[in-house]
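First up is the structure itself, then whatever we jot down about it.
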Amino acid sequence: MRWLLIAAALAALSASAAFASEDFSAAELGRIAAHGPWPLPWTSDPGSRVSGNPAAIRLGHDLFFEPRLSANRRIACASCHDPARGFQDGRATARGLVAGVRNTPGLFNVRHQRWFGWDGGHDNLWSASLRPILDSREMGGKASRVARTLRGTAVLDCHYSAAFGKRPHAGDPELLVNVAKAIAAWQETLISPATPFDQFRDALQRGDTQAAAAYPATAQRGLRLFLGRGQCATCHAGPLFTNGEFGDIGVPFFIRPNEVDPGRQGGIKRLLANPNNRLGAHNDDPTRANATGTKFLRPEHRNFGEFKVPSLRNLTLTAPYMHNGSLATLRDVVRHYSELDEDRLHADGERILKPLKLSEAESADLVAFLESLSPATPLPPPVVPSSVAACR
């Protein structure tokens, strides 16, 4: 017992020493604090009247996993957004509309996004949820098929009626929009748990050095690089580790010979042409205050080849990386920034970027920090929302 106590004391001293060796300045502590707390407080989407509605959440959950919405009755939203993979598919590039072009984005914490898709082609979650249902290259759905599925399943019919105050009719022009809003209502509940970084950040906030010492020294050194020389936090800011905007980071946007992915420039054009954007009739916010960003949005030359700055949460679940899935591992991502080819940045690109020229040890530290932005334990399966009383 005496030897066990001595060993425990030595381990505690070692951990404390590891923390002390990466003592952060007051400025660094402030920047660390700005990446939390997590999770963010819940706020409903004013553009959807069923945001937070229990019946809509249950309906959205069931429809997310429902293959009968598709033309071949085999494809559901979950076919490409697999809960076991962080609601991604593990493929370099997605099937369907962007086959061979873009990586499937994960859905955790999607409620807190401002723009949706790698090019920001949607300004609201329900519009982004509707597109794959209708597109012939993905699910190929249509209103009559969706209505038939809803009315042919008592619990779906009941939850639709409870959420929207009427039964699903195939001729209802709002049917597909309502279905998409229900799916979005469920996706809003997909919030990832706290990570080792969050535990470290919170320990620093309350002055608990013993708890902070449990955060590996390698991750602490990587955090210092992330905040300092790497300038990563310039774009990967706040609790979501993203500013939610777009940038050119030197990843090639050529798809095939003589064909390019225009990125944000093309996304803005699609967004403005979409009748389901926040300027459209289906925005449930009567003030249209949530449409201000869209109202003044215009495609500019600098937007060509820009892609959305992704959240860094849950990185270990969502490989491969970048908009085109071209980097297989986090080490590859760090290497990209370490050896950045500035000639790949077009004239209007993110000129804040410079090759970091990291040593092997520094690269390993930065990877360790990035890994700490994912939960330390496997994620539980998504919760099936309770059925509302009227539908039981």
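The values are calculated or read from the model by the stated rules, or taken from the named source; none is laboratory data. Quick caveat, the model's predicted, so the values are computed rather than measured. Note that we place each Cβ from the backbone using ideal geometry, even for glycine, and neighbour counts take in every protein chain shown.
The table for this structure:
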{"quantity": "Condition broken by residue 182, with the remaining ones in (1) over 30 Å from residue 377 (Cα atoms); (2) in contact (Cβ under 8 Å) with a residue 12 or more places away in the chain; (3) in contact with a Leu (Cβ under 7 Å, 6 or more places away or on another chain) satisfied", "calculated": "(1)"}
{"quantity": "Condition met for residue 346 (part of a loop (DSSP other than H, G, I, E, B), modelled with pLDDT under 95, out of contact with any Pro (no Cβ under 6 Å at 6 or more places or on another chain) and not charged (D, E, K, R))", "calculated": "yes"}
{"quantity": "Qualifying residue in segment 302-325 (condition: surrounded by 15 or more Cβ atoms within 10 Å (Cβ to Cβ), closer than 17 Å to residue 233 by Cα, hydroxyl-bearing (Ser, Thr, Tyr) and more than 19 Å from the chain's Cα centre (by Cα))", "calculated": "no"}
{"quantity": "Within segment 186-210, considering residues that are among the small types (Gly, Ala, Ser) and out of contact with any Pro (no Cβ under 9 Å at 6 or more places or on another chain), the one surrounded by the fewest Cβ atoms within 10 Å (Cβ to Cβ)", "calculated": "207"}
{"quantity": "Condition check for residue 256: modelled with pLDDT of 95 or more and among the basic types (Lys, Arg)", "calculated": "no"}
{"quantity": "Within segment 211-226, considering residues that are surrounded by fewer than 21 Cβ atoms within 10 Å (Cβ to Cβ) and not polar (S, T, N, Q), the one farthest from residue 310 (Cα to Cα)", "calculated": "211"}
{"quantity": "Qualifying positions in segment 252-293 - part of a loop (DSSP other than H, G, I, E, B), crowded, with 18+ Cβ neighbours inside 10 Å, touching a His at 6+ places or on another chain (Cβ under 9 Å) and not acidic (Asp, Glu)", "calculated": "253, 274, 276, 277"}
{"quantity": "Positions within segment 124-151 being buried (at least 21 other Cβ atoms within 10 Å of the Cβ), touching a Ser or Thr at 6+ places or on another chain (Cβ under 7 Å) and small (Gly, Ala, Ser), in sequence order", "calculated": "141"}
{"quantity": "Within segment 237-251, tally of residues that are touching a Ser or Thr at 6+ places or on another chain (Cβ under 6 Å) and surrounded by 21 or more Cβ atoms within 10 Å (Cβ to Cβ)", "calculated": "1"}
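One line per residue, one yes/no per condition, for (1) crowded, with 16+ Cβ neighbours inside 10 Å; (2) hydroxyl-bearing (Ser, Thr, Tyr); (3) modelled with pLDDT under 95; (4) touching a helix residue (DSSP H, G or I) at 6+ places or on another chain (Cβ under 6 Å):
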| site | (1), (2), (3), (4) |
| --- | --- |
| 1 | no, no, yes, no |
| 9 | no, no, yes, no |
| 15 | yes, no, yes, no |
| 31 | yes, no, no, yes |
| 77 | yes, no, no, yes |
| 80 | yes, no, yes, no |
| 105 | yes, no, yes, no |
